[in-house]
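A.B. asks: Would you mind keeping the following structure in view while I ask a few things?
The values are calculated or read from the model by the stated rules, or taken from the named source; none is laboratory data. None of these values were measured; they are calculated from a predicted model. Here Cβ is always computed from backbone atoms with ideal geometry, including for glycine, and neighbour counts include all displayed protein chains. When the accessible area is computed, the model is the full protein with side chains, heavy atoms only, and any ligands, DNA or RNA have been set aside. Shrake-Rupley method; radii C 1.70, N 1.55, O 1.52, S 1.80 Å.
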Amino acid sequence: MQKFDTIRPFFDAEINDAILKVINHPMMKALMNFTFPQVEDSVWKEQLRKTQSIRDFQCNFIYHSMRKIIEKSSDGLTTSGFEKLEKGKSYLFVSNHRDILLDTTLLNTALFEHGLVMTASAIGDNLVKKDFLNVLAKMNRNFLVRRGLTPREMLESSRTLSEYIRHLLLEESRSVWIAQREGRTKDGNDATNPGVLKMVGMASDGMDLMDYFKNIKVVPVSLSYEYDPTDVLKIPQLLAEANNEIYIKEKNEDFMTLLSGVMGQKKRIHMHIGDVLNTEIDKIKEEFDKPNKQILALAQVIDDSILSNYKLWPTNYIAYDILNNRAVYSHLYTEEEKSLFERRLEMRIDAENPIALQGLLSMYANPVVNKLKYHNELKG
């Protein structure tokens, strides 16, 4: 068995066999009928049988699925910053993490439309326990991050993952997407876990750590959804944490969250591509000589980019004002938008539960609080 076989996606040579194994699966039928509602099953099956590469599968099928999801469950995707990226170049995209599937597939949709290198993307193995999802993930160029390991296993797994990311970026010229932290942001506070960067840096192999990060071209990505379709699903964990309890997921919770994120109403979505970190890394190298300090400084630079470029929506300003019992940002939303937000709030949670109410409002309000650190014009 080759070094990366337990985590890698399919090779192109394996794609057709993988497709034939799932072509008659009810979830494949559901996905294709959703994507191509006017097309007979025999037609898309014939096209799938001809598919011989991941790129063919992504461009001919998954891209159209994503466009249909954007059409049906949102008011559209807008983007900014893609002009900073060069065609044919690979990048390490480090993104805030709001949705299990959409964060990375929306990025690939935009990369494809801009004629740029699409990513191999990290996904927790806990999210693809169902056989069909595992195959679909590997057909869509996802590589696995193993969860629930002992400390010794975690070290070994991190090294393998780090070496695979290096292999993709520097040997295959394949861009890579990773989330800035394990698990989605539950409270609206996007923060880079330095442990993620330490893992990436494990493959620097004798090269100066900051030179390595400069070499792999780190690009922060800010994703923002006007409405988070999984917001209410995050409340049980926030309630458990408020009571100092350990939160234990329900059996199919990840799968239900995945479906809700894909099909739930998001309204507007915006994605901003930050600057390729270059001079920022030079400054870190000049200022700090210890690797741990350098990693912390790099995490802060990524946070600065993600938070300062985060697109705020009326929902964010409304939540901030409700939470603070003020009308600081009332000029940035309409009464209709506010009443819609409040109605949605009433329908989704028990407003008599102060912790649940505060938790949901904070999810939307915290991005305003975070952006205040960077933009004086937001200060009321």
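A.B. asks: I need every pair where a residue in segment 327-341 that is under 13 Å from Val368 (Cβ atoms) and open to solvent by less than 40 Å² (accessible area, probe 1.4 Å) has its Cβ under 7 Å from the Cβ of a residue that is at pLDDT below 95 and among the small types (Gly, Ala, Ser), sequence separation at least 6 or different chains.
C.D. replies: Val328/Gly380; Tyr329/Gly380
A.B. asks: So, one more: Output the qualifying pairs, or none if there are none: Cβ atoms under 7 angstrom, residues six or more apart or on different chains, first residue in segment 57-75 and touching a residue at least 40 places away in the same chain (Cβ under 8 Å), second residue open to solvent by 40 Å² or more (accessible area, probe 1.4 Å).
C.D. replies: Cys59/Phe112; Tyr63/Phe112; Ser73/Met263; Ser73/Gln265; Ser74/Lys267; Ser74/Arg268; Asp75/Lys267; Asp75/Arg268
A.B. asks: Please find, among Leu106, Leu116, the residue that is farther than 20 Å from Glu172 by Cβ, open to solvent by less than 30 Å² (accessible area, probe 1.4 Å) and modelled with pLDDT of 95 or more. Steps first, please.
C.D. replies: On the way: Leu116 fails: farther than 20 Å from Glu172 by Cβ.
Testing whether each residue is farther than 20 Å from Glu172 by Cβ, open to solvent by less than 30 Å² (accessible area, probe 1.4 Å) and modelled with pLDDT of 95 or more leaves just Leu106.
Conditions (1) in contact with a helix residue (DSSP H, G or I) (Cβ under 8 Å, 6 or more places away or on another chain); (2) charged (D, E, K, R), marked per residue:
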| residue | (1), (2) |
| --- | --- |
| His272 | no, no |
| Asp289 | no, yes |
| Leu312 | yes, no |
| Asn325 | no, no |
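A.B. asks: If the requirement is being touching a strand residue (DSSP E or B) at 6+ places or on another chain (Cβ under 9 Å), open to solvent by 50 Å² or more (accessible area, probe 1.4 Å) and among the acidic types (Asp, Glu), which of these qualifies: Glu83, Glu71?
C.D. replies: Numbers: Glu71 fails: touching a strand residue (DSSP E or B) at 6+ places or on another chain (Cβ under 9 Å).
Exactly one residue qualifies, and that residue is Glu83.
A.B. asks: Please list, ordered by first then second residue, the pairs with beta carbon atoms under 7 Å, 6 or more apart or interchain, first in segment 310-326 and among the polar types (S, T, N, Q), second crowded, with 19+ Cβ neighbours inside 10 Å.
C.D. replies: Thr315/Glu226; Thr315/Tyr227; Thr315/Phe341; Thr315/Tyr364; Asn316/Tyr364; Asn316/Ala365; Asn316/Pro367; Asn316/Val368
A.B. asks: Another question about this same structure. Could you count how many residues in segment 139-157 are touching a helix residue (DSSP H, G or I) at 6+ places or on another chain (Cβ under 7 Å) and either open to solvent by less than 20 Å² (accessible area, probe 1.4 Å) or assigned to a helix (DSSP H, G or I) (or both)?
C.D. replies: 2
A.B. asks: Restricting to segment 313-326, name every residue that is assigned to a loop (DSSP other than H, G, I, E, B) and surrounded by fewer than 20 Cβ atoms within 10 Å (Cβ to Cβ). Before the answer, list the steps.
C.D. replies: Filtering segment 313-326 down to residues assigned to a loop (DSSP other than H, G, I, E, B) leaves 313, 325-326.
Passing the criteria: Asn325, Arg326.
A.B. asks: Here are Ser222, Ser173: which of them is touching a Ser or Thr at 6+ places or on another chain (Cβ under 8 Å), polar (S, T, N, Q), touching a residue at least 40 places away in the same chain (Cβ under 8 Å) and open to solvent by 40 Å² or more (accessible area, probe 1.4 Å)? Talk me through it step by step, then tell me what you get.
C.D. replies: On the way: Ser222 fails: open to solvent by 40 Å² or more (accessible area, probe 1.4 Å).
That would be Ser173, the only listed residue that is touching a Ser or Thr at 6+ places or on another chain (Cβ under 8 Å), polar (S, T, N, Q), touching a residue at least 40 places away in the same chain (Cβ under 8 Å) and open to solvent by 40 Å² or more (accessible area, probe 1.4 Å).
A.B. asks: Continuing with the same structure: Test Ser53 against the stated conditions and say whether it is of a type in the set (Gly, Ala, Ser) and touching a residue at least 40 places away in the same chain (Cβ under 8 Å). So that I can check it myself, show each step before the final result.
C.D. replies: Values: of a type in the set (Gly, Ala, Ser): yes; touching a residue at least 40 places away in the same chain (Cβ under 8 Å): yes.
Here the answer is yes, as Ser53 does meet what is asked.
A.B. asks: If a residue counts only when it is at pLDDT 95 or above, which helices (runs of 4 or more DSSP H) contained entirely in segment 192-299 have at least 3 such residues? Please lay out each step first, then the result.
C.D. replies: Working: elements: 194-201, 209-215, 235-242, 253-263, 279-287.
Helices (runs of 4 or more DSSP H) meeting the threshold: 194-201, 209-215, 279-287.
A.B. asks: Another one. Among the residues of segment 346-380 satisfying the criterion of being β-branched (Val, Ile, Thr) and open to solvent by less than 30 Å² (accessible area, probe 1.4 Å), which is modelled with the highest pLDDT? I'd like the intermediate steps shown before the answer.
C.D. replies: Quick first cut of segment 346-380, residues β-branched (Val, Ile, Thr) only: 349, 355, 368-369.
Still in the running and open to solvent by less than 30 Å² (accessible area, probe 1.4 Å): 349, 368.
On the way: Ile349: 84, Val368: 96.
So, considering only residues that are β-branched (Val, Ile, Thr) and open to solvent by less than 30 Å² (accessible area, probe 1.4 Å), the one modelled with the highest pLDDT is Val368.
A.B. asks: Please go through segment 28-38 and give me each residue that is aliphatic (A, V, I, L, M) and surrounded by fewer than 13 Cβ atoms within 10 Å (Cβ to Cβ), ordered by number. Walk me through how you get there before you give the answer.
C.D. replies: Here is the first cut: in segment 28-38, the ones aliphatic (A, V, I, L, M) are 28, 30-32.
Residue satisfying the conditions is Ala30 alone.
A.B. asks: Additional query: Residues Leu48, Leu20: which one is modelled with pLDDT of 95 or more, under 24 Å from Ala120 (Cβ atoms) and over 28 Å from the mean Cα position of the chain (by Cα)?
C.D. replies: Values: Leu48 fails: over 28 Å from the mean Cα position of the chain (by Cα).
That would be Leu20, the only listed residue that is modelled with pLDDT of 95 or more, under 24 Å from Ala120 (Cβ atoms) and over 28 Å from the mean Cα position of the chain (by Cα).
A.B. asks: OK, next. Considering only residues that are out of contact with any strand residue (DSSP E or B) (no Cβ under 9 Å at 6 or more places or on another chain) and more than 14 Å from Leu136 (Cβ to Cβ), look in segment 1-13 and name the one that is surrounded by the most Cβ atoms within 10 Å (Cβ to Cβ).
C.D. replies: Applying the first criterion (out of contact with any strand residue (DSSP E or B) (no Cβ under 9 Å at 6 or more places or on another chain)) to segment 1-13 yields 1-3, 5, 10-13.
When the remaining residues are screened for being more than 14 Å from Leu136 (Cβ to Cβ), the result is 1-3, 5, 11-13.
Values: Met1: 5, Gln2: 6, Lys3: 11, Asp5: 7, Phe11: 10, Asp12: 14, Ala13: 9.
So, considering only residues that are out of contact with any strand residue (DSSP E or B) (no Cβ under 9 Å at 6 or more places or on another chain) and more than 14 Å from Leu136 (Cβ to Cβ), the one surrounded by the most Cβ atoms within 10 Å (Cβ to Cβ) is Asp12.
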